Amino acid sequence: MRSAFSTMSFTTTDVDEARHVLTRSYADHSIRLIGRTARNLRFGHRVALSPLVNIGYTTFGTDLDIAAPPTSTAYIVCFTTRGHATMTCGGESALLTPAHAAIAAPDKQFGFECWSDASNVVGIRIRRDALEDDLATLIGRPVAGPVRFKFEMNVSTGPGAAFLRTLHLIEAELERPDGMSHDSWLTERLSRLLIASLLTAQPHDHSEQLREPGRAAASTAVRAAMEFVESNPSEITTVVEIAQAACVSVRALEHGFRKHVGVSPMAYLRDVRLARVHEELLSSDPRELSITRTARRWGFAHLSRFSNAYRQKYGVLPSETLRGRRADDVAFDRGPQPTHR
């Protein structure tokens, strides 16, 4: 079921309350305060919760140990925005910093230790079945067992930095009163984008399969995908859904579209959405139609990009189409006008 991000903030000096809050955001675990520093506990936590991805920020103000059994249902990605902490998982350990993250597998115990007093840990919980289903569609074959990511992840440069930029996009939308994170459909798109960026940025045991040059989908599969797009243009969130509807891998679908249609599946989806908006602009009462609401309803989250794409396709801005419609209506109401010679 789709739902928008919901946000929550919590502060306490009680360790049991802190554990309860973190269990809700991530997974069951235990917390052990270390020595005399226990009285310095200043727990702070804010989190954005959604069906596929939870994004949280946690401070303790003191050193402690956290131990968690395997989640079985989620992958956990962590790094810090300031300070440091050590993350362990299945016998491996990594120092979390603003430049270095680590990923806990769903079938392994994990934990945290050696927290610096000022550390702020970002924790991203990604639902296991969503990640593995998306990967299976990308490579065109089932995924058996958990994805084996490389434990340590550099988020300061290279592909890892692209993952971080995707996270920053979601964070920016969470801060905006009119942001995409407040819409259930767009929340799913953002979540799927974050999952895809992790799968492509961080090495894992299926990375080579992602890079394989897949065979082009047959024309029948491409037609099935086109029909799916044309019947659901406002509901589709990613190319993964189109590939699933056509029963082919994402790579095969993309090759098939370029071979038989001449554009990518997502470019075809954009053109269908533009056509639906164009039809509404031409047929609706311009005094009642909102271009912004219409564009968002058909799946355009970035209005400036929508306007540019619309102008490139139709040669005019959406507002000019509306003004043209209104001018035509006025001329019709007035009847034929005399011709001056």
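Readers should treat all values here as calculations from the given coordinates under stated rules, not as data from a laboratory. Note that the coordinates shown come from a computational prediction; the quantities given were computed from them, not determined experimentally. For neighbour counting, all protein chains shown are included, and Cβ atoms are generated from backbone atoms with ideal geometry for every residue, glycine included.
Values as computed for the structure displayed
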{"item": "Contact order normalised by residue count of region 213-328, Cα under 8 Å, 6+ apart, percent", "result": "24 percent"}
{"item": "Stokes-Einstein diffusion coefficient of region 260-308, Kirkwood radius over Cα pairs, 10 °C, 1.306 mPa s, in µm²/s", "result": "137 µm²/s"}
{"item": "A301-N120 pseudo-label distance in nm [points 7 Å out on the Cα-to-Cβ vector]", "result": "2.3 nm"}
{"item": "Farthest toward positive dipole pole in region 110-250 [+1 Lys/Arg, -1 Asp/Glu at C-beta], among V239, S184, A216", "result": "A216"}
{"item": "Region 155-166 - phi-based ³J(HN,Hα) in whole Hz, Karplus 6.51/-1.76/1.60, Gly and Pro as x", "result": "9, 8, 9, x, x, x, 5, 5, 4, 5, 5, 5"}
{"item": "Neighbour-count order for K108, K259, fewest beta carbons within 10 angstrom listed first", "result": "K259, K108"}
{"item": "Total formal charge among the other residues, if their Cβ is under 15 angstrom from that of A216, Lys/Arg +1 and Asp/Glu -1", "result": "+3"}
{"item": "Between 0 and 90°, nearest 10: helix 219-231 axis offset from the chain longest Cα axis", "result": "80 degrees"}
{"item": "Nearest 10 degrees, 0 to 90: helix 184-201 Cα axis against the chain principal axis", "result": "60 degrees"}
{"item": "Theoretical ellipticity at 222 nm over the chain - DSSP helices of four or more residues, -39500 (n - 2.57) apiece, nearest 500", "result": "-14000 deg cm²/dmol"}
{"item": "The chain: relative contact order as a whole-number percent, Cα under 8 Å and 6+ apart", "result": "13 percent"}
{"item": "Surrounding net charge for V122, when Lys and Arg each add one and Asp and Glu each subtract one, Cβ distance under 12 Å", "result": "+2"}
{"item": "Whole-Å distance, taken between Cα centres, linking region 207-230 and region 293-316", "result": "26 Å"}
{"item": "Separation of alpha-carbon centers, region 167-194 and region 110-144, rounded to whole Å", "result": "18 Å"}
{"item": "Efficiency of FRET between V316 and S234 - r from beta-carbon atoms, R0 25 angstrom, step 0.05", "result": "0.65"}
{"item": "Extension gain, D205 back to H260 (0.36 nm per residue minus Cα-Cα distance, nm)", "result": "16.6 nm"}
{"item": "Sequence of C89, C78, C114 once ranked by neighbouring C-beta atoms within 10 Å, starting from the fewest", "result": "C114, C89, C78"}
{"item": "Rounded, prolate or oblate (a/c below 1.5 giving rounded, otherwise prolate when a/b exceeds b/c) for region 213-328 by Cα gyration tensor", "result": "prolate"}
{"item": "Given charges at Cβ of Lys, Arg, Asp, Glu: the chain dipole, positive-most of A94, Y26, I139", "result": "I139"}
{"item": "0 to 90° range, to nearest 10: angle between helix 15-25 axis and the chain longest Cα axis", "result": "30 degrees"}
{"item": "Compactness index (Cα Rg / 2.2 N^0.38 Å), region 172-250", "result": "1.33"}
{"item": "Environment charge of V263, counting only residues whose C-beta is closer than 15 Å and scoring Lys/Arg +1, Asp/Glu -1", "result": "+3"}
